[in-house]
1. Among the numbered conditions (1) farther than 20 Å from P207 by Cβ; (2) surrounded by fewer than 24 Cβ atoms within 10 Å (Cβ to Cβ), tell me where M151 comes up short.
2. Mind listing just one residue for me: the one in the range 36-59 that is assigned to a helix (DSSP H, G or I) and among the polar types (S, T, N, Q) and, of those, surrounded by the fewest Cβ atoms within 10 Å (Cβ to Cβ)?
3. Would you be able to say whether some residue in the range 352-366 is surrounded by fewer than 24 Cβ atoms within 10 Å (Cβ to Cβ), touching a helix residue (DSSP H, G or I) at 6+ places or on another chain (Cβ under 9 Å) and touching a residue at least 40 places away in the same chain (Cβ under 8 Å)?
4. Would you check which residues across the range 202-215 are within 28 Å of M156 (Cα to Cα) and touching a Ser or Thr at 6+ places or on another chain (Cβ under 8 Å) and list them?
5. Could you count how many residues in the range 216-229 are within 24 Å of the chain's Cα centre (by Cα), of a type in the set (K, R) and surrounded by fewer than 18 Cβ atoms within 10 Å (Cβ to Cβ)?
6. Got a number for residues in the range 192-204 being of a type outside the set (S, T, N, Q) and surrounded by fewer than 19 Cβ atoms within 10 Å (Cβ to Cβ)?
7. List the number of the failed condition for N194; all other conditions in (1) under 22 Å from the mean Cα position of the chain (by Cα); (2) more than 30 Å from A432 (Cα to Cα); (3) of a type in the set (S, T, N, Q) hold.
8. With respect to I45, determine if the residue is within 25 Å of the chain's Cα centre (by Cα), among the β-branched types (V, I, T) and either at pLDDT below 85 or more than 24 Å from G184 (Cβ to Cβ) (or both).
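The values are calculated or read from the model by the stated rules, or taken from the named source; none is laboratory data. None of these values were measured; they are calculated from a predicted model. Because the Cβ atoms are built from the backbone with ideal geometry, glycine has one as well, and the counts that use them run over all protein chains shown.
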Amino acid sequence: MSNEVPAAVPATSGDRQAPSGPVDSTARRRPGLLIRGVNRRAWQITLLSLGGWLLVNMDGSLFNLNYPLLQEDLGLSDNDIGNLYAIIYAVGAISTIISGPFMDRFGRKPVFQLCMFAAALGSLVTAGAGGFMILLLGRAITQAGATTEWMAGQVMVAEESPARSRGRLIGFAQIGYPLGFFAGSLLSWLIVPNFGWRWLFVVGVIPIFLLLWARRGVDETERFRLHSEAVTTTSSPAPGRFRQLFAADLRRSSILASTWHLVYAFGVAGILSYLPLVYTHYGVSMENLYVSSAIATGIAAVGYYLSSVVGDRIGRREAAALWLILGAGSGALLAFAGRDVIALTIFYSMVYFFTLGHITAAAGFAAEVFPTRVRATGANLVAGMEWVGFVAAGLAGPRMFNGIGFAWTLTIWLVICPLIAAACALGMKRVAPGATLEEIAR
């Protein structure tokens, strides 16, 4: 039932540099820490993807770190914040899932640009919010853009990268997540004490517009163009894309990948969304929270990239599972030994380094395990399931803290969830390091 572009067709400009055959000859050498042999276009897509992911997550961190200030200023209750989180994460899940088939039918580039417009608009609405409904509107618009940005960029990077460097380029782009939270922590530390929370979101819009200008010349990926040309020459219509994901050849990958990302996201969404509540519970001030978050996310950027390097060497499935298991150990330390700002910073840094850092290998795996005909649909389904996990964590967070306490809530989020996710990862088929996307599809 495959409608995949034939493997003999040169799929990307990066792979075109290699001899004919399903695997680059350079892929037989062990990939190093540095990224070499990548053409200008692949670097352009990677850097623009990194920039977009950094900026949308910087905006997200401004809310996550400072929601107690918005809550007090706008007169919101704890339940209001939990409901707001749940609603905006649901918007993110829906926008991510429906954008996948759109990208597979009309191209990657339109979504790549539109999501940044949404992020900018939502930030401005947030800055002017005077109550719950306007705040919800602003965060929902931003969330729709931010969640769609993730896989739009990752799919483009995967399709433009040579096989040998694909994992590290995807990992490099993924560093935008911790760097976005790092930038948000620094901005909060610099701006909030002097100007208040509204100016955070105004300042955050400026680099988004600069990135939109930088992306204006981005072209559609060559792999998607070749696939579209092949599809237009066939007379037999393909089944619906979601139906293809759950056909016999892809069903196992679709179910396990979705479960993996849903469970993982439920855990990390809890700590990310309610980090101020956790730190406040242990007597840490907002100023020290900003500093602690900046340290943790700065260190985490190294873990993100190392995960992609290890993935290029031993396989992205294996690297992701290893990082998740190490992250579960780090989560146990945070849950039961994090009682002051120093311990919280050390253990939170470890959780970010491993549990969240595993996503560079995981995102690369999600972008390559599905064939081109449904790559965006499959990758965005996986990403959408993450936002379903975020919805659940947003609703459950305050109730879990009140019902079972902070230590056991953190144990579920940071120990049990990563271990379940690791088991799902190891249950999926192995993808050999250095394989081209066409070889994987076969």
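1. Looking at each condition in turn, M151 falls short on (2).
2. Q44
3. no
4. Selection gives G204, V205, I208.
5. Result for the range 216-229: 1.
6. Of the residues in the range 192-204, 7 are of a type outside the set (S, T, N, Q) and surrounded by fewer than 19 Cβ atoms within 10 Å (Cβ to Cβ).
7. Of (1) under 22 Å from the mean Cα position of the chain (by Cα); (2) more than 30 Å from A432 (Cα to Cα); (3) of a type in the set (S, T, N, Q), only one is false for N194: (1).
8. Criteria met by I45.
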